[in-house]
Every structure is written in C-alpha cells, then in structure tokens.
Amino acid sequence: MKLWNSRSSLNGSDFVFRLLSAVCALLVIALIVAVFLQLAESSMLAFRQFGFSFLLSQKWNPVTGNFGAASSIYGTLITTLIAMLIAVPLSLVIALFLAELTHPVVSKVVGTCIELLAAIPSIIYGMWGLFVFAPFMSVYIQPWLQAAFPYLPIFKGPKMGIGVLSAGIILAIMILPFITCVIRDVFKMVPAVVKESGYGMGSTTWEVTHKITVRYGLTSIVGACFLGLGRALGETMAVTFVIGNSHRITPSLFNAGSSIASTLANEFAEAADPLHLSSLIALGFVLFIVTFVVQVAARLWLRQMQKSFGGGL
Amino acid sequence: MKKVLGTIAMVSMMTAGLGIISQPACAKEDLSKVNVNGAGASFPYPLYSKWAYKFNELTGMKLNYQSIGSGGGIAQIKAKTVDFGASDAPLKHEDLEQNGLIQFPMIMGGVVPVVNFQAAGLKEAGSLKLSNELLADIFLGKVAMWNDEKIKSLNPSIDLPALEITVVHRSDGSGTTWIFTNFLMKVSEEWKEKVGTGSAVSWPVGIGSKGNEGVANYVKRVDGSIGYVEYAYAVQNKLTYVTLKNQAGNYVNPSIESFQAAAANADWENSPGYYVVLTDQPGENSWPITGASFIIVHKEQANKELVQAMLTFFDWCYRNGQTMATELDYVPIPSNVVEMVEKTWSENIVVGGKSVWPKK
C-alpha cells in the first residue's frame, strides 16, 4: 500500500509537503492506537480481577471493590435507543419540510435555528433538563403516560421527572440538529431533474418524497443517523444531570439508571482506589469498543446498502 | 554532603537577606514572588478561594487552588505536582508515613439530612426528629413510608402523611458522602455490613444527583424526599433539616455551635496524623454528622521560601480567617487544635533537614 499516488517527477518542496501531510494523517491513526493501548493497559487490573463477568455483573460497589459494567452499558444503550427512536423520524420530517415543502426564507430561518441548537453546550442541556424539563416531565408527561398505558411495565414507577426516559429525550433533542442538518443538505443535493421526472409522471409529493428523494439519499441519511448515534453514545454532562445515577437495571424507564459516560463523570474525580480507577477506565474502554464497533458496522452496512439499493449520494 | 548543606545554608541566608523571612507571621510582608499550587476537595473550595483572595491583597502571594475532588488531591500531592493537597476524608497514618506526608485539619463543616413534605405542610426546620438508627433504616430502604410507626412514635405532634420516602443521595464521589456514610456506619451494624463508608457507595435505594446543589434541588422538588447536604446548602436553600439524636442522647439542631462542640470534644491529641473523624462524637451539644477537611503536605520540602509562605498562609487562615469562614457557614478549627497543628509543622516540615516553622 502506498501512502500517496506517486508521480515520477517530484520536486523538493512538493515532496516535503506530501510528507508533511502524510505525517499529519498518520498522526490520527497513531492517536487512535495510543488511546486504545492506554485504555487497554489501564483497565487490565479490572479485567484481570473480574474477568468476563465485568461485562455481565450489575454490582457497582466502590466500598467492597466489586465492579460490574452491566448497568452502565444497559443505560448507555437504552438512552441511545430512546434518543434515536425520537430523533430520527423527527429529523427526517423537519429536513423534508425545510428542503422541499417550505419557502426558502422560512427554510433559512428555521435551518439557522436548528444549527444554533447544535451549538448549545451540553451542560446547558443538562441544567435545562434538571431545572425545567424534569419538573415538566413529572407533572405532565409521566402521569399521562401512566394513564394511557397502565399495563406497560416500562411506564411504572415513581414520577420524579428524572430517569432513563428523560435522559433519552434530552439526548434526542441534542442529536436532532446534527441529523436534521445533514439530511436537509442531502435532500437539497437530490437533482431537481430526478424529482421533476417523478412529478412529471403524475406522482404526489408524498410519492416523490419517499420513493425518490429518500431513496436517492438513503445511504447518506443512514450515515447522518450514525453520526447522531455516535454522539448519543458518548454524551456525558446532559445525561449525568437527568438520568438519576443509580447502578441498577430496572424494566421501568421512569427509574434512575446510569450510562457509561455519566458513571465516569460522577466518579472519576474521587476514585482513589486503584481497582476503582481501573474499573472506570475499563468502562471507558468498553465505550471505546462499542463506538468503534458501531462505526465499523455502520460502514459495512452502508456499503451493503449502496450495492443493493443504489442511490446517488 | 557538607558542600550541599553549605549551599543550602547559603541559599537560605540569601533569601533571608532579601528580607522575606525576618518579620512576624501576621504582619504584611511581600510574598508577591511566591506561587503556591494546591488541589483537592471541592467542599472547602469557596472558602479557600476567599482566603486566598484576601491573603493575596495583604501579601501578594498567589494561591492557585483547583477543586478537582479529594481523590484527585491525594493523587496530585503524592505525585508532587502540587504544593499541597486537600481531602475531606483523612488519610490513614500508615499511608501518610509511607509517602512522607503530614496532614492537618483546616476547616470543618456539618452534613445535614434534609426533608421535604409539601403535602404535610411541614415547613419549619428542625421539627422532625429522627433517631440515628431510623435514619440508617430510611437510607437502607427498610423504612419506606413517612407514616411508619417508628417515625410516628418519635414525632407524635406531627401528622405524618402516607407518603413514600424518596431517598436522594450524591451521584458523584464526594467527601460529603464519605462523612455521611461514616456516620451511618457508626450507628448501624446493618449499614456497616451492607454498605460501608466511602466517597461513593453502592446505595441500597434512591436516586443520585450531582453535587450538593443537585441534591438540594431534588429534595426541594420531590414531595416526601430525604437527602443530605452540607450545612451551607441547607441554610441557603432554606431546606427543612432534621433534628438528630447525638451520642449523649440529646436531640440537637445543626448549627455552627453544635459542629464546634463536636470538634472540641474530639480526641485530637491521641490521634496520630490527626486521623479524627468527627462523626458521632461525645458531648451534650455535639452534632453527630460533623467533618473536617484536611490539608496534606510533604514533610521534606525543597523550596524554603515557598513552604514558609504556604505555612504563613495557613497560619493566617487559622488566626485571621475565622470570620470569613463563619460567614460562609464553615466552622473554624478550635484554637487548641491550631496550636497542636503548628507544633506538628515545626516538628515535621523540613527543608534540608532543618525545621522551617516558626519563621525566625
């Protein structure tokens, strides 16, 4: 494998420039490898102590030095799932509205607002979630959910406004702008000719949208979703404020839980015991692997999809 | 070796010659060239920064204190990346010896259980009495309703509602949690067995919230909740605190006086390395959940000018910083303990084998 396309005649400055850019690019790989090695090395103590059961155990007891990652992993996955379930359909609809259905001026204004949402620091979302959204949840949304679905175990439990569900909803609001912006740009890149041929055939707006526009940009849309997914998996401060931070797995989404990132944010500063520290780093290692696997799987899936569906973007 | 000692002596003579050292401790002197770095506990951070600001106005000394948490502070001082570390939980004597460190209490505070019964209309602070065992049972999840017979029998005058108890605890590792769980461990065998003491523990029940302000906020909002916060937060947020029974059998209210009573009655003299945990102390008026925050420094110091400036600062805090401390709802260290601490300095802190305190 060659680092760059070689051309027979390279003059001096060109060579230096290429070398420099190659070094910079390789630095990224070196960083990833270094982070991986560092995490692996520092988490060795925990993995040696607990073995594979570290991933399966729900226990998290800093006093007795008994640590398991299951509750944090579960919390991370479930909040991300809730966030994706809410954010993806919503983003699609917003993006469609902005790209297809509204006046360009409105699109510009709303689009700018959404981009501004993306620029809000996560700590602000966390504070807002704790002081504004959680009371709103406990007074309006949670009683309504319990009344509407009285038999569902996921809506049982105390109506405190904080917990896994609230964290998921806050996450959804946070990743929404990312996904929306990318999808809107994708829709705008669908050639007018293609859409107009659809309309020319007598299709309705809905038919053009879901058979042509969405289909054409499908791979990029899925890519945008994975961008949001990556962010949701690792989000720390906002989740820490509203998730309730308990190391238990319960069926109810109203109960408190914890995610990998929130556990790290909570306990890292005061972890003096080497095993506690190592277990926290091991949690970080797990998150690293999960994110990595998700990204690789996403790439593979996208390639697969591109083959079977085609699509222009 | 002789040559090295000679050099050190010469250096110290030179610094003495610069007129930095020859003045009494409390007078204004010029320490503007000195930069002291500290890191650790977040509980005393507001006070340390206020002290540092005032001391800087007087002497020009710059103090940079990073509130990164007690665990972080201990790690940093062991690694010698800072000049002093600060921790809410004292280090064990052996741990200090191993690392060539000494610690001393700098400031105290109290931890206060706070409750919220909007439904029962119970607003007046201190009107709810709890025994120590009962408090432990509530945090263990064994007593789950406010109208439990055990609570009722202690509080016959209050019409307690049939309301679920929601326990609120800290989610982040914290010295406050350490003090609180240490108290519960001392008063409840079951707590000792099942949970234990730590800056983060495996809570049997309840929801976790980040920081004192987070716990205060949850308790304020959730009807029927009980949590624990530092005294200052209970006062500032006007939370309904609980009256607790102390070792002498009296029900006491949390106050600067009852915290100080706990500190005065503690046996500092016979505790190597000042390893005193002020929970569940004897005394008629002692508040049972009191704690001290500690400063940790190395015994062997390299820079005489710096260590003397640092000790001058601590000395000034002990003697002149008391009003500032009480203004912020902290509890100053009693003067008999201060004398003991300064004696420890003169016996232990050395530069090149020579004591640096008191300054001559």
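The values are calculated or read from the model by the stated rules, or taken from the named source; none is laboratory data. This one's a predicted model, so the numbers in the text were calculated from it and none came from an experiment. Positions of Cβ are backbone-derived with ideal geometry, glycine not excepted, and every protein chain shown enters the neighbour counts. Accessible surface is based on the protein model in full, side chains and every heavy atom, while ligands, DNA and RNA are left aside. Shrake-Rupley method; radii C 1.70, N 1.55, O 1.52, S 1.80 Å.
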Self-check item: Reduction of at least 20 Å² in accessible surface, 1.4 Å probe, comparing all protein chains with the chain by itself, residues of the range A:259-283
Solution: A:266, A:267, A:269, A:270, A:272
Quiz item: Between residue A:123 and residue A:304, what is the FRET efficiency for a Förster distance of 41 Å, r being their Cβ-Cβ separation, to the nearest 0.05?
Solution: 0.60
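Give the carbon-plus-sulfur fraction of the accessible surface of the range A:185-313 in %, rounded to a whole number; probe 1.4 Å, heavy atoms of protein chains only. Kindly include the intermediate steps, with their values, before the conclusion.
On the way: 3830 of 5760 Å².
Roughly 66 percent of what the probe reaches on the range A:185-313 is carbon or sulfur.
Relative contact order of the range A:34-123, please, whole-number percent, based on alpha carbon pairs below 8 angstrom and at least 6 residues apart.
Details: 40 pairs, mean separation 10.9, N = 90.
Here the relative contact order equals 12 percent.
Counting pairs of alpha carbon atoms under 8 Å apart in space and at least six apart in sequence, what relative contact order in percent does chain A give?
26
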Quiz item: Per residue and in cubic angstrom, what volume does the convex hull of the Cα atoms of the range B:59-189 have?
Solution: 164
Quiz item: Using the heavy atoms of the protein chains alone and a 1.4 angstrom probe, what is the accessible area of the range A:252-302 per residue in square angstrom?
Solution: 37
Quiz item: If you roll a 1.4 Å probe over the heavy atoms of the protein chains, what accessible area per residue do you get for the range B:178-218, in Å²?
Solution: 32
Exercise. Tally up the carbon and sulfur contribution to the accessible surface of the range B:111-263 as a whole percent, 1.4 Å probe, everything protein left in place.
Key: 46
Quiz prompt | Degrees separating the helix B:256-265 axis from the principal Cα axis of chain B, which is the longest one | solution = 70
Practice problem: Run the quick spin-label model on residue A:147 and residue B:265: label points 7 Å from Cα toward the beta carbon, then report their separation in nm to one decimal. | Solution: 5.3
Quiz item: In nm², what is the average projected area of the convex hull enclosing the Cα atoms of the range A:154-307?
Solution: 12.1
Exercise. With a bin width of 5 angstrom, please list the P(r) values of the range B:252-344 as percents of all Cα-Cα pairs, from the 0 bin to the one holding the largest distance.
Key: 3, 12, 20, 23, 19, 12, 6, 3, 1, 0
Quiz item: How large is the convex hull of the Cα atoms of the range A:38-308 per residue, expressed in Å³ as a whole number?
Solution: 163
Practice problem: Divide, for the range B:111-263, the radius of gyration over alpha carbons by 2.2 N^0.38 Å, where N is the residue count. | Solution: 0.95
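Peptides A:183-196, B:33-46: what's the order by average Cβ count within 10 Å, highest mean first?
Values: A:183-196: 16.9, B:33-46: 21.7.
Per-residue mean Cβ counts within 10 Å order the peptides as B:33-46, A:183-196.
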Quiz item: Quick one: which bits of the range B:202-224 get at least 40 Å² less accessible when the partner protein chains are in, versus the chain alone, with a 1.4 Å probe?
Solution: B:202, B:207, B:210, B:217, B:218, B:221
Quiz item: With no solvent and one point on each alpha carbon, what is the Debye value of log10 I(q)/I(0) for chain B at q = 0.07, 0.10 Å⁻¹?
Solution: -0.33, -0.63
Quiz item: Shape call for the protein assembly as shown from the C-alpha gyration tensor, a ≥ b ≥ c root eigenvalues: rounded (a/c under 1.5), prolate (a/b greater than b/c) or oblate?
Solution: oblate
Practice problem: Could you pull out every residue, at least 5 positions away or on a different chain, whose amide H is within less than 5 Å of the one on residue B:165? Hs are placed 1.01 Å off N in the peptide plane, and Pro or chain starts have none. | Solution: B:145, B:146
Self-check item: Inter-probe distance in nm under a simple model that places probes 7 Å from Cα toward Cβ, at residue B:237 and residue B:205
Solution: 2.0
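If I take every Cα pair under 8 Å that is 6 or more residues apart in the range A:105-264, average their sequence separation and divide by the length, what percent do I get for the relative contact order?
On the way: 198 pairs, mean separation 56.2, N = 160.
That works out to 35 percent.
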Quiz prompt | Förster radius 45 Å - calculated FRET efficiency between residue A:297 and residue B:192, Cβ distance, rounded to 0.05 | solution = 0.45
Quiz prompt | Positive-pole candidate from A:158, A:294, A:136, dipole of the protein assembly as shown, charges at beta carbon | solution = A:294
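What stretch of chain B, leaving out the sites themselves, is the longest with no GluC sites (Glu not before Pro) in a DSSP loop having at most 12 other Cβ atoms within 10 Å? All intermediate terms of the calculation are to be shown ahead of the outcome.
Details: sites that count: B:124, B:269.
Maximal segment without exposed cleavage sites: B:125-268.
Test of understanding: what is the full-extension gain from residue B:284 to residue B:157, defined as 0.36 nm times their sequence separation minus their Cα-Cα distance?
On the way: separation 127, 0.36 × 127 = 45.72 nm, distance 2.44 nm.
Extra length available between residue B:284 and residue B:157 comes to 43.3 nm.
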Self-check item: Computed lengthening from residue B:33 to residue B:300, 0.36 nm per intervening residue step minus Cα-Cα distance
Solution: 94.0 nm
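Can you give the FRET efficiency to the nearest 0.05 for residue B:64 and residue A:113, using r as the Cβ-Cβ distance and R₀ = 45 Å?
Working: r = 41 Å, r/R0 = 0.90.
According to the calculation, E is roughly 0.65.
Chain pair A, B: how much accessible area is buried, both chains summed, with a 1.4 Å probe, in Å² to 100? If you can, show how the numbers build up before the last one.
Details: alone 17180 and 15700 Å², together 30880 Å².
That pair hides around 2000 Å² of surface in total.
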Quiz item: With labels modelled as points extended 7 Å from the Cα through the Cβ direction, what inter-label distance (nm, one decimal) is found for residue A:29 paired with residue A:77?
Solution: 3.2
